[in-house]
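See structure below.
Readers should treat all values here as calculations from the given coordinates under stated rules, not as data from a laboratory. It should be emphasised that the depicted structure is a prediction, and the values quoted were computed from it without experimental measurement. All Cβ positions, even for glycine, are placed from backbone atoms using ideal geometry, and neighbour counts span all protein chains on display.
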Amino acid sequence: MKTIQPIKLHLPNILTLINLVLGTLATMEGWHGRYMLAARYVLVCIILDFFDGYVAKKLKAFSAMGEQLDVLADLVSFGIAPGAIAAGLLKIGFTNYQWPYFLLPLSYGLPLLIPVVSGIRLAKFNVEQHHGSHFKGMPVPANASSYAALALIHANPRFEIASSILLHPLFIIALIVTNSFLMLAPLPMFSLKLGKYSLGANIWRYLFVVAGIGLAIWLQALGLFAVFVFYIFTSIGMSIKLRHREK
């Protein structure tokens, strides 16, 4: 006779399923041009993705089904949903800048790289050996955050010059290609997941979080994109430091 597991052991999977639902909603909102809502759903998914792993670790509630659900939710929330947002923003950009009509299919074709490369990145993550302090390649939530930031900038263009640059089709195309490369490149990108909570062991993570919150409060949507850029350059700095250490 099977014993009934306590409800708390299912909590990580419940958080993952909520992530999956919100990722699906973000995709739908992105296709319908409601970018503010789509971005908010993606950002909540990023928070949930952090906490489902944290809760699973604390409750020791790991399961094979939970691992599969986590990958599926991540693909939808951080692959398909950002792809829908990028496709919509590209189409708007092509129209605003009056690009030739025959280039319009590019606004649908190129964003397909986002879910495809995200799927490859997730598969690689599942089969590779992990390091507590960093990932190999940019994690998919970081990738998704950049498109969520662009969606928020589109919905509330507070800084006109910056908005015109960041929402230009050429910039979005460059972002898709660059992010796809960074997700697959063997570049160490630092992890925000904490193994220990001591200040000494996590000083750079805590400083990054404080700086990120400050930028987001100060610059709002533009600050969120600045946090993404800050993360990339911080990770490049960490990569250089690791290489020197190995020599």
Residues with amide H under 5 Å of Q220's amide H, sequence separation 5 or more or different chain, H placed in the peptide plane at 1.01 Å from N; which?
none
Could you calculate the contour length gain from R158 to L113, that is, 0.36 nm times the residue separation minus the distance between their Cα atoms, to one decimal place in nm?
13.3 nm
Under the rule of at least 5 residues apart or a separate chain, name every residue whose amide H is placed under 5 Å from the amide H of F135.
M189, F190, S191
Using only Cα atoms, what is the ratio of the radius of gyration of region 7-246 to 2.2 N^0.38 Å?
1.01
Just to be sure I understand the model, the point goes 7 Å from the Cα along the line to the Cβ. What's the resulting L72 to A123 distance in nm?
1.8
Sum -39500 (n - 2.57) across every DSSP H segment of at least 4 residues in the chain, then divide by the residue count to get the 222 nm mean residue ellipticity, nearest 500.
-24000 deg cm²/dmol
If you line up the long axis of helix 113-127 against the longest principal axis of the chain, both from Cα atoms, how many degrees apart are they, to the nearest 10?
20
State, to one decimal in nm, how far the label point of H32 lies from the label point of I18, with both points 7 Å from Cα in the Cβ direction.
2.2
Grab the beta carbon distance between W99 and I165, set R0 = 25 Å, and tell me the FRET efficiency rounded to 0.05.
0.90
What is the extension gain from A211 to A185, computed as 0.36 nm multiplied by their sequence separation minus the C-alpha to C-alpha distance, in nm to one decimal?
6.7 nm
If you fit an axis through the alpha-carbon atoms of helix 11-31 and take the longest principal axis of the Cα set of the chain, what angle between them do you get, 0 to 90°, nearest 10?
10
Treat every Asp and Glu Cβ in the chain as -1 and every Lys and Arg Cβ as +1, leave all other atoms uncharged, and give the resulting dipole magnitude about the Cα centre to the nearest 20 debye.
700
Suppose we take every Cα in region 29-128 and form the convex hull; what volume per residue is that in Å³?
100
Mind ordering 182-189, 140-147 by average Cβ neighbours within 10 Å, highest first?
140-147, 182-189
Taking Cα atoms, the helix 199-219 axis meets the longest principal axis of the chain at an angle in degrees (rounded to 10) of 30
